[in-house]
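Let me begin by presenting the structure, written as structure tokens, before commenting on it.
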Amino acid sequence: MNRHLIALVPAFTLVLGAIAMSSPAALAQTLSPVTIKSGDKVHAFNVEIADNEEERQKGLMFRESLPEDGGMLFDFGNPQPATIWMKNTLIPLDILFIDTDGEVVAIARNAVPHSLRLISPGVPVKGVLEINGGAAAKLGIKPGDTVVHPMFKPAPANGG
């Protein structure tokens, strides 16, 4: 009987490992650094990347908290209209809409948890960065600021 029990331990360990890898805590371990240049200030965040349809649809739903420097960066690939809602989102968020150069084109501040109101910048965007509600105002982040991450190409230098 002990031999059968011992034989089950590796299989049970694999199942527990699969469950752990699918948990929000496991997802949070795959973070990507993002900075936001706002005037002469630079603000650093460590964010999760949502770069496929399933990740973008789930977003930050069902999260009970978000680290102060945390967030989620949505990569749409090519610029496209973006519409966000807060259904099943438990915490208020600031939603930054970003063009291909990393410029913040619009911010929805303190989006209300559970709201079904559609939030859109009205122009196609390359990405969206969701951070804690109130963080943009607290840090002075505004449209025209620049989000720096490899998914955005930098604007060409003057004369080039």
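Since every read-out is calculated from the coordinates, none of them should be taken as a lab result. These figures come from a predicted structure and were not determined experimentally. Note: ideal-geometry Cβ built from the backbone for every residue, glycine included; neighbour counts use all protein chains shown.
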Could you state the principal axis extents of the C-alpha atoms in the stretch 49-116, from the largest down, to the nearest angstrom? 31, 25, 24
Checking the cross-link filter: which lysines have an alpha carbon closer than 30 Å to that of Lys153, excluding same-chain neighbours under 8 positions apart? Lys37, Lys41, Lys58, Lys126, Lys138, Lys142
Tell me the Rg and the Dmax, in Å, that the Cα atoms of the stretch 23-160 produce. 14.1, 48
Using a Förster distance of 25 Å, the FRET efficiency for Met61-Ser120 (Cβ separation, nearest 0.05): 0.85
